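Down below is the structure, laid out as structure tokens.
The values are calculated or read from the model by the stated rules, or taken from the named source; none is laboratory data. All values derive from a computational prediction rather than experimental measurement. Neighbour counts run over all protein chains shown; Cβ positions are idealised from the backbone, glycine included.
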Amino acid sequence: MFGQLVEFLTVDLTLAPYICAIYSNIMPKDLSIQSVLIIGSGPIIIGQACEFDYSGSQAARSLREEGIKVILINSNPATIMTDPMMADKVYLLPLTAESIEKILSENQIDAVLPTMGGQTALNLCKEVDELGIWEKYNCRMIGVDVAAIDTAEDREKFRQLMVKIGMAVAPSHVANSFLEGKEFAQQIGFPLVIRPSFTLGGTGGGFVHTKDDLDAALERGLKASPIHEVLVEKAVLGWKEYELELLRDCNDNVVIICTVENLDPMGVHTGDSITVAPAMTLSDTAFQEMRNKAILMMRSLGNFTGGCNVQFALNPATEELIAVEINPRVSRSSALASKATGYPIAKIAAKLAIGYSLDELKNQITKTTSAYFEPALDYVIVKVPRWNFDKFKGANDTLGLQMKSVGEVMAIGRSFTEALQKACQSLENEAVGLGYYGKSLMKSDELVEYIKTPKWDRIFRIKDALMQGSTIKSIAQATGIDRWFLYQIQAICTVEKEIAQYNLDTLPVNVLKEAKRMGFSDIQITKILSGKCTEDEVYEKRKSLGITRSYKMVDTCAAEFEAKTPYFYSTFEG
């Protein structure tokens, strides 16, 4: 075909631009990229690393599908991505500039993809760029450039960009010294939040409520930042927090893959918060405004193609919206969003980085459409973090800006209540649903006081408080959690109290059906019935009544068209 093109172009050169345009559509990817270096996220540390193994593995497979040689560096051997099957060459080396130069000197590498290894990879790429190593070995960054990294991760540049594009931000000031931070803190008053630049998982960050806490918080934040810089910001405690996962291609097409709502209000790191997808309590006007502003923020980053995570805070009383941050990479939430929607964000982001546009990627997701569409969800996803405070004696178990969870579980259901209870059953902490049966020793007023401080077990204690008669109003005031979520938990309590009135023989069919529909496990029902029956007996009874699991599809398109690549979840909805 190329020979025919050359012959044709020699006949009429005026048609050359049009012929080349047609030819570029046939071969959309950048053919100059024959080998790519992927940087992992390094050792497993609480607050980072685990989730990026998923993204890095997807990216490696995606690039090798295109015939591209993949070289991978990650200092952590306990990952899937460092399996020899994942890449053409794997380096188990420290994530340092020296290691990168060694790899570049031993291999002919055309490009580096830094967006799959979290903040660790971005910081390393920036350092290598400043040392001139990429240029020395004629290796270019794809997916993101240093300017976009700087803009998103440097707190002052991010604030200036938001002001420039008309996006509201909380009153803040960037400080590079202890005295500078202290002076501004005294100007805007408390409560404050300290956010170090270029860190992951909220490392070094925290809230400051009094003058007594300020000095230690500033010193901790400045020390945590690799560039000795912190953002001193007015805290918007109690505002609702949302995250949007987006993809952008080289033609500036943007799709929003998933909108995630944090059950916990601002003040708890999103990695430590229970999150729900799709967003449950947004008005349509607020949702549309959030979409538009997320797209505007992503496009304002400049030379950037691939996955991006945008976080917002929303005033629940006025729906005022402010930008919290933007991450120019696949994030912890990207892994969740991929599994929640069936849309493989890292896989598509890798292909976008080598030049494809969203509409050119066929047969990647549903096998029916291109990648240029937004997933539709006809189910509810709930993510609940997992903690291991019992293994860290003396650790502060109060949740805040610095992420403390060591993992998470994700559940799918037809309703929030079903998904929440299924997630609780997966925590491996003796919970058999939303409940620690027989373990709560606190009274109603003590529970309301206890849940004012966010801790790992707050969701269970909220349920305990409702079981003991605490009001939705008092719990909402104590926690800042939206009343819609509290009413859902109250509905679980109502069904539980109804079950407790019977024994297994007299338990009405409609009550048992409703319990299973709301995510109650068989052993949970056994415990509510005071152990007067066994789990097997509950199972046999519901089975005899025809109350059995059905399986529904996560097909990415809510059955709008036939998808060829769905996976399934179980439910008792029918």
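Of the conditions (1) among the small types (Gly, Ala, Ser); (2) closer than 21 Å to Asn327 by Cβ; (3) assigned to a helix (DSSP H, G or I), Ala185 satisfies every one except a single condition; which number is it?
So the condition that Ala185 fails would be (2).
Just give me the residues in the range 353-383 being of a type in the set (A, V, I, L, M) and buried (at least 24 other Cβ atoms within 10 Å of the Cβ), in sequence order.
Passing the criteria: Ala353, Ile354, Ile365, Ala371, Ile381, Val382.
Can you tell me which residue in the range 367-395 is farthest from Asn262 (Cα to Cα), limited to those that are touching a Gly at 6+ places or on another chain (Cβ under 8 Å) and in a loop (DSSP other than H, G, I, E, B)?
Going through the qualifying residues, I end up with Pro375.
Any idea which of (1) under 18 Å from Met280 (Cα atoms); (2) crowded, with 21+ Cβ neighbours inside 10 Å; (3) β-branched (Val, Ile, Thr) is the one Ile462 doesn't satisfy?
(1)
Return the only residue of Ser338, Ser370 being touching a helix residue (DSSP H, G or I) at 6+ places or on another chain (Cβ under 6 Å) and without any contact (Cβ under 8 Å) to a residue 24 or more places away in the chain.
It is Ser370.
Let me confirm something: among Val193, Val174, which residue is surrounded by 14 or more Cβ atoms within 10 Å (Cβ to Cβ), of a type in the set (A, V, I, L, M), in contact with a Lys or Arg (Cβ under 6 Å, 6 or more places away or on another chain) and outside any helix (DSSP H, G or I)?
The match here is Val174.
From the residues in the range 406-459 that are surrounded by fewer than 20 Cβ atoms within 10 Å (Cβ to Cβ) and of a type in the set (Gly, Ala, Ser), which one is nearest to Thr270 (Cα to Cα)?
In this case the residue turns out to be Gly407.
Could you tell me whether Ser530 is over 28 Å from the mean Cα position of the chain (by Cα), of a type in the set (Gly, Ala, Ser), modelled with pLDDT under 95 and not assigned by TED's automatic domain parsing to the domain that holds Pro344?
yes
May I ask you to verify whether Thr199 is under 19 Å from the mean Cα position of the chain (by Cα), in contact (Cβ under 8 Å) with a residue 60 or more places away in the chain and buried (at least 24 other Cβ atoms within 10 Å of the Cβ)?
The answer is no for Thr199.
Residue by residue, here is whether (1) in contact (Cβ under 8 Å) with a residue 60 or more places away in the chain; (2) closer than 18 Å to Gly435 by Cβ holds:
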{"site": "Gln490", "(1), (2)": "no, yes"}
{"site": "Val495", "(1), (2)": "no, yes"}
{"site": "Met518", "(1), (2)": "yes, yes"}
{"site": "Gly531", "(1), (2)": "no, yes"}
{"site": "Lys552", "(1), (2)": "yes, no"}
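Out of all the residues in the range 513-520, is one or more exposed (fewer than 14 other Cβ atoms within 10 Å of the Cβ), under 25 Å from Ile412 (Cα atoms) and at pLDDT 95 or above?
no
Considering only residues that are surrounded by 15 or more Cβ atoms within 10 Å (Cβ to Cβ) and farther than 12 Å from Cys250 by Cβ, which ones fall in the range 302-314?
Result: Gly307, Cys308, Asn309, Val310, Gln311, Phe312, Ala313, Leu314.
Mind listing whichever residues of the range 159-182 are among the basic types (Lys, Arg) and farther than 22 Å from Leu321 by Cβ?
Lys182, the sole residue that qualifies.
Can you tell me which residues in the range 81-114 are among the polar types (S, T, N, Q) and modelled with pLDDT of 90 or more?
Listed by number, the residues that qualify are Thr96, Ser99, Ser105, Asn107, Gln108.
Take the range 225-256 and flag every residue that is in contact with a strand residue (DSSP E or B) (Cβ under 9 Å, 6 or more places away or on another chain), within 21 Å of Pro344 (Cα to Cα) and surrounded by fewer than 24 Cβ atoms within 10 Å (Cβ to Cβ).
Arg248, Asn253, Val254, Val255, Ile256
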